[in-house]
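First the structure, in the form of structure tokens, and then the observations on it.
The values are calculated or read from the model by the stated rules, or taken from the named source; none is laboratory data. Please read these numbers as outputs of a predicted model, since none were measured by experiment. With ideal geometry, Cβ positions are generated from the backbone for all residues, glycine too; neighbour counts draw on all protein chains shown. These area figures cover heavy atoms from the full protein model, side chains too; ligands, DNA and RNA do not enter into them. Shrake-Rupley method; radii C 1.70, N 1.55, O 1.52, S 1.80 Å.
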Amino acid sequence: MLRVQRVMGSETEFGLSQPGNPRANPMRDSARVVDAYAGPRGLRSSQNFWDFATESPLADARGFFMNIADADSSQLTHIPQDDVEAQYLANVVTENGARYYVDHAHPEYSSPEVLTPRDVVTFDRAGDLVALASVRALEMSGEPVNLYKNNTDSKGSSYGTHENYLVDRGVDFDDIAAGLIPFFVSRQVLCGSGRVGIGREGELAGYQISSRADFFEAEVGLETTLRRPIVNTRDEPHADPAKYRRLHIIIGDATMAEPATFVRFGSTSLVLGLIEAGLAPRIGLADALASLQTVSHDLSLSAQLPLTDGSTMTALEIQETYYAACIAHADPEDADTAEVLAEWRRFLDGLADDPRSLADSIDWVAKWVLLEHYRSREGIDWDHPKLALIDVQYHDVRPEKGLFHKLERAGRIRRMTTDAEVEAAVTGAPDGTRAFLRSVAVNQLGEDLVAASWDSLVLNAGDFGIVRLPMREPLKGTRQLLAERVAGIESAEALLQALGVDRLTVKND
């Protein structure tokens, strides 16, 4: 039976600006952002603190490696491009097991691994508090930096909000791509964040559903910043490669409304379950890229998308097809799955009846209603520059400035979390994944933790020497398995002993 639970996580590249200094160095400011968070908490921040030994961003799921000479520099996330860039590549593993670092020209928060969409919402939101803490720390520095949870500067540049899902390595990648492309083309109606302007640089007046749709140029591919694909082929599992594949999804928008984040991850996890079971709907779009933009530009949600068999479907009809397949095979006893299906159903019904009824749940609708109210009051058209400013201000991480936060405080945006839950997630790791062990290492080992990554800890373990402790099973190293054994330990050697690791094991690894 189909269940929503799987190892998953979010990545957010924050837009940034230095007020009054349009020529500020974004690499330098990104490093300042990360360091401003790390410093007061005593967290290590350096390029070398992340263990790059198992990173392979040029591995392609289609069975080959891209030649490094053919790769754009933005793909070489494991290699500083020059001495200037290297000095700004800060890496921090936070108390909750997340990664906070400089991804070229942006500070990025990558959440710890979790198992349910509700936990994604909580730990993604915790990342917003991490970003806010950086802004607050820099406010008194003389060079403050503002951060925005959005995806484009409306000047032709776009930056990512990525999703990660662990799937069965045995599933053919072509089947994954075929099952996901129609789903992703249509999914934006559920979880787009909205954008003023049509085209990469917003050269045409108007408003659209997705902030990212205009920036995609391929159906399938390895790149993430150039020739962006609907389905990314990076084959970097951060787990046992014989068993797992990590799908690195780059097509999503930065959702701030918690219900939209919940449905974004929940529906996608269920569709992946369909694909793994060979039960995914077979829908062939005649031109997926054209359809992606058509859906984003169609606020009526009625555009007919041409299919390869000569028929047509709307984005909502495609989503209904996937929903029907999921509910037909879902485990009726699983509460997490039932909650996702109920919310997905609510979204589909609301969008079909009147999208504005979901202004409390979907960012593109909330922002659209806000902008239309302002346009009506001021009597202005979509090309007025004030609207672009409101668009950006919606995503400001500062509660006193961000329009999203003002709507939420006024009760006009639904919450699924509480402030206490999110604050606890800033420093506390998820229970059900190896993020717990990573968090223990950060919080208890001090200088004995030399480096870390998603699937390793590098430890200075006394008589053991320098040890790379592999963590290739995401469901091991959990609170349930280890909490009693690691309580109170203060050294890497004690950790290894608590884990039952002996010198022979270390030597043979």
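Looking at E236, E217 in this structure, which one is open to solvent by 10 Å² or more (accessible area, probe 1.4 Å) and modelled with pLDDT under 95?
Numbers: E236 fails: open to solvent by 10 Å² or more (accessible area, probe 1.4 Å).
Only one candidate qualifies: E217.
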For residues that are touching a Phe, Trp or Tyr at 6+ places or on another chain (Cβ under 8 Å) and open to solvent by less than 40 Å² (accessible area, probe 1.4 Å), scanning just the range 333-354, find the one that is nearest to V7 (Cα to Cα).
-> V340
Single condition L247 does not satisfy, out of (1) in contact with a Pro (Cβ under 9 Å, 6 or more places away or on another chain); (2) over 20 Å from D128 (Cβ atoms) | (1)
So I327, is it over 30 Å from M1 (Cβ atoms) and β-branched (V, I, T) = no
Could you figure out which of (1) under 17 Å from T255 (Cβ atoms); (2) outside any helix (DSSP H, G or I); (3) free of Cβ contacts under 8 Å to residues at least 60 places away in the same chain isn't true of L407?
-> (2)
When only residues in the range 178-213 that are open to solvent by 10 Å² or more (accessible area, probe 1.4 Å) and under 19 Å from the mean Cα position of the chain (by Cα) count, which is farthest from A254 (Cα to Cα)?
-> I181
Which pairs have Cβ atoms under 9 Å, sit 6 or more apart or on different chains, and link a residue in the range 320-337 that is polar (S, T, N, Q) to one that is open to solvent by 70 Å² or more (accessible area, probe 1.4 Å)?
-> T337/M1; T337/R3
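Count, please, the residues in the range 28-87 that happen to be in a helix (DSSP H, G or I), surrounded by fewer than 18 Cβ atoms within 10 Å (Cβ to Cβ) and at pLDDT below 85. Full working, then the answer.
Taking the range 28-87 and keeping what is in a helix (DSSP H, G or I), we get 28-41, 47-49, 68-70, 73-75, 83-86.
Next, only the ones that are surrounded by fewer than 18 Cβ atoms within 10 Å (Cβ to Cβ) stay: 28, 39-41, 47-48, 68-70, 73-74, 83-86.
Right, trim to at pLDDT below 85 and you get 47-48, 68-70, 73-74, 83-86.
Result for the range 28-87: 11.
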May I ask you to list the residues in the range 267-308 that are within 19 Å of A213 (Cβ to Cβ) and either assigned to a loop (DSSP other than H, G, I, E, B) or touching a Cys at 6+ places or on another chain (Cβ under 6 Å) (or both)?
-> I283, A286, D287, D298, L299, S300, L301, S302, A303, Q304
Does A388 fit the bill of being surrounded by 14 or more Cβ atoms within 10 Å (Cβ to Cβ), among the aliphatic types (A, V, I, L, M) and within 30 Å of V7 (Cα to Cα)?
-> no
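Answer yes or no as to whether L129 is in contact with a helix residue (DSSP H, G or I) (Cβ under 7 Å, 6 or more places away or on another chain), touching a residue at least 24 places away in the same chain (Cβ under 8 Å) and not in a helix (DSSP H, G or I). Outline the logic, then answer.
Details: in contact with a helix residue (DSSP H, G or I) (Cβ under 7 Å, 6 or more places away or on another chain): yes; touching a residue at least 24 places away in the same chain (Cβ under 8 Å): yes; not in a helix (DSSP H, G or I): no.
Judged against the criteria, L129 is not a match.
Report, by residue number, each residue of the range 98-120 that is out of contact with any strand residue (DSSP E or B) (no Cβ under 7 Å at 6 or more places or on another chain) and of a type outside the set (A, V, I, L, M, F, W, C). Write out each step before concluding.
First, pick out the residues of the range 98-120 that are out of contact with any strand residue (DSSP E or B) (no Cβ under 7 Å at 6 or more places or on another chain): 102, 104-105, 115-119.
H104, T116, P117, R118, D119, listed by residue number.
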